[in-house]
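Working notes, beginning with the structure itself.
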Amino acid sequence: MRDYALSFAIAFGASVPLTLLVRTAARRFGLVAKPRADRWHRKSTALFGGVGIFAGFLISFLLHRPADVEGDLLIIVCATGMFLLGLLDDVITLKPYAKLIGQIVFATTVTMWGLRLHWLPSPVADQALTIFWLVGITNAMNLLDNLDGLAAGVAAIASGFLVYFCHISEQPAAAMQAAAFSGAVVGFLVFNVNPASIFMGDCGSLFIGFFLGGITMVTTRGGVRGNVLAVLTIPVLLLLIPIIDTTLVTFTRKLHGRPVSQGGRDHTSHRLVALGLSERKAALVLWSLSAASGAVAVLVRHLSLPLGVMLIPAFAMALLFFLVHLGRVKVYEPVTTDVEKAERAMLPTLADFAYKRRVFEVLNDLVIVVIAYHGAFLLRFDGALVAPFYGQFLASLPLVIVVQLATFLVLGLYRGLWRYTSMDDLATLVKAVGGAWIASVVVVTLVHRMEGFSRGVLVMDGALLMLGIAGSRVSFRMLRTYLGRFQNSPEAKRILIYGAGDGGELLARELLNNRELGLTPVGFVDDDPSKHGRMIHGLRVLGPLERIKDVAGLENIEEILISTTKIDPERSAVLTATGLRTRRMRIALE
């Protein structure tokens, strides 16, 4: 571990002054990125930060070179070539096809010396897949470099986990390289966090993408103690953020009839900002997801295969819900011309498809049914799903899937809209899930006669099924409520709501969900002492009406909204005495 820390320290100590030197030179010679529509920076920002990353890494590698580099040296050589390719593109702007050819050449060179993903039994097919992996990750990191500190932060997190994986895979030379790479990236990140004073450019993004894509393959060299799942998933999990960002952008652009190569503010980071998060918070969210994905990779590496098979789909489903929510954010300009409208009308939309066919919901429930049933077996038998229990699981799973999905349909589970989940919807959900579980227990009992079959499995399946189905439905409402708190602009007026009853709850929800009103609810005042200190939609009941003037002063309130239609003249006079503008909510039918 001392060698890893030293590699990191040397790279970090070299990267910081080198990046500072590059920034100074770039500003002096006018090598800057000017503000443009598809980027967030509002002033000219120095380029070529990738030079500091690469130089810091190279210095650390040369001064503290591993004793036995073996074939891993080839990754560094080809990553150096990728850095030079990106540097050339930053200087003269290469054609996209020229960059792609260069990337394929370096990726193919790596595979010619036997470094592969080992995902496919055929060496030729696996080599082709490895080339696609290296080129894909390189370009994914290039696309991810769209927000201050995002790409560098994700790369630093991924490389930190790579140090660990290379170490436990008995690849100390690769671990030292990953540590040096991490130090170089963190040194650059000092100047790249929001507000960034320097960008890495293509020389940086292509280098870090290719290096990360290559070094992840080292962790699975020779297999991972027979853990096939780890071999297949660890590289993907460590680089999950650039993968899902590229996938989301590609899918949504195709869906909206836009060229995939066209730039735009439609990346995951842009969508988070569109939801109301600051640029720094958006980067922090994606850094957190990257860290969570790395943690899942660690668990998969050490868990048994049955437990890993359950963990991966569960994590994938949670991530899918997050992406679906982001995919609904409106980031494209509305069509204006008749030609654009005609072209757009011919394109199928995901919303239409999912709403009319309910395909997404059914597939979601199918996965949850399988995960819940599999998880019940694992919990009952302490994670060891062996014969004859594995045979029981396989034999009864088709029955459980058919019966539970059919019961969901009959009992009305697919009649509601997730984003508007209410208590009535939850009652229907409990009825549908409970009915589906009872029906599956009856069918399994009749078919298999419960001979040697654990009744505890069926009980646990019911609990896990309820958690999974209810959680998936409520998640959209929770995300919508949570992110709604960030959606008010700085110019929005800070308001206080008088009345924390049903009307107040309705008013607060509308204000949180509709930022076009330009009003930011800060809290409530209410005459009922039992409500004081309570929370409604994340907003606290701050006290009685008598304290409204003090509360308004402390919270910088600009306006008071009355949520109740019943207010006597005495209370109305107290509100007027605050000197603030006062308005009353009224619901009317026209």
statement: Measure of exposure for Tyr164: accessible area at 1.4 Å probe, Å² rounded to 10, is 80 Å²
- line: The alpha-carbon pair-distance distribution computed for the range 268-318, with 5 angstrom bins and whole-percent values, is 5, 20, 20, 17, 14, 11, 8, 5, 0
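Per Stokes-Einstein, at 10 °C and 1.306 mPa s, what whole-number D in µm² s⁻¹ belongs to the range 45-183, with the Kirkwood radius over Cα pairs as the hydrodynamic radius? Write out the running numbers ahead of the final one.
Numbers: Rh = 16.2 Å.
The diffusion coefficient I find is 98 µm²/s.
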query: What list of ³J(HN,Hα) values in whole Hz, one per residue of the range 125-135 in order, does the Karplus curve 6.51 cos²θ - 1.76 cosθ + 1.60 (θ = phi - 60°) give from phi, with Gly and Pro shown as x?
result: 5, 5, 5, 4, 5, 5, 4, 4, 4, 5, 5
- line: Whole-Hz Karplus couplings 3J(HN,Hα) for the range 389-403, θ = phi - 60° and coefficients 6.51, -1.76, 1.60, Gly and Pro as x, run 5, 5, x, 5, 4, 5, 6, 8, 4, x, 4, 4, 4, 5, 5
message: Just to confirm a number: summing +1 for Lys and Arg and -1 for Asp and Glu over residues other than Thr578 whose beta-carbon lies under 14 angstrom from that of Thr578, what do you get?
response: +1
- prompt: Which three semi-axes in whole Å describe the equivalent ellipsoid of the chain, each the square root of 5 times a Cα gyration tensor eigenvalue, listed largest first?
  reply: 45, 37, 23
task: Please give the direction-averaged projected area of the C-alpha convex hull for the range 117-270, in square nanometres with one decimal.
output: 9.7 nm²
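I'd like to check one number: the per residue accessible area of the chain, probe 1.4 Å, reported in Å² as a whole number. Before the final figure, lay out each step's value.
On the way: 28280 Å² over 590 residues.
Per-residue accessible area for the chain comes out at 48 Å².
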- prompt: HN-Hα J couplings of the range 234-239 from phi, Karplus 6.51/-1.76/1.60, θ = phi - 60°, integer Hz, Gly and Pro as x?
  reply: 4, x, 5, 5, 5, 10
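Quick check for me: using +1 on Lys/Arg Cβ and -1 on Asp/Glu Cβ, what's the dipole size of the chain about its Cα centre, in debye to the nearest 20? Could you put the intermediate results ahead of the total?
On the way: 55 positive and 43 negative charges, 138 e Å.
My answer is approximately 660 debye.
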Cα extents of the range 240-295 along the three principal axes, largest first (Å): 35, 25, 14
Restraint check, Lys99/Lys281; Lys330/Lys493; Lys95/Lys330, Cα-Cα greater than 27 Å: Lys99/Lys281; Lys95/Lys330
message: With the crude spin-label approximation of a point 7 Å out along Cα→Cβ, what separation in nm comes out for Tyr390 versus Ile587?
response: 5.6 nm
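Give me the percent of accessible area attributable to carbon and sulfur for the chain, probe 1.4 angstrom. Before the final figure, lay out each step's value.
On the way: 18240 of 28280 Å².
Whole-percent figure for carbon plus sulfur exposure: 64.
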task: Show which lysines lie in cross-link reach of Lys43 when reach means a straight Cα distance below 16 angstrom and same-chain residues fewer than eight apart are skipped.
output: Lys34
task: Quick one: which residues, 5+ away or cross-chain, put their amide H under 5 Å from the amide H of Gly523? H built at 1.01 Å from N.
output: Ile497
task: Leaving ligands, DNA and RNA out of it, work out the accessible area of Lys281 with a 1.4 Å probe and give it in Å² to the nearest 10.
output: 100 Å²
statement: At 20 °C in a medium of viscosity 1.002 mPa s, the range 484-590 has a Stokes-Einstein diffusion coefficient, with Rh taken as the Kirkwood radius over alpha carbon pairs, in µm² per second, of 155 µm²/s
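Just need the relative contact order of the chain here, percent rounded to a whole number, with Cα pairs under 8 Å and 6+ apart. Walk me through the numbers on the way to the answer.
Details: 861 pairs, mean separation 67.2, N = 590.
After rounding, I find 11 percent.
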- prompt: In deg cm²/dmol and to the nearest 500, what is the mean residue ellipticity at 222 nm of the chain if only DSSP H runs of at least 4 residues count, each as -39500 (n - 2.57), divided by the residue total?
  reply: -22000 deg cm²/dmol
Size of electric dipole in the range 236-336: Cβ of Lys, Arg +1 and of Asp, Glu -1, about Cα centre, debye, nearest 20: 140 debye
- line: Reported to the nearest 10 Å², Thr80 has, with a 1.4 Å probe, an accessible area equal to 40 Å²
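The values are calculated or read from the model by the stated rules, or taken from the named source; none is laboratory data. These numbers come from a predicted model, not from an experiment. Cβ coordinates were reconstructed from backbone atoms using ideal geometry, including for glycine residues, and neighbour counts include every protein chain displayed. The protein model used for the area step is the full one, side chains on, heavy atoms only, and it has no ligands, DNA or RNA in it. Shrake-Rupley method; radii C 1.70, N 1.55, O 1.52, S 1.80 Å.
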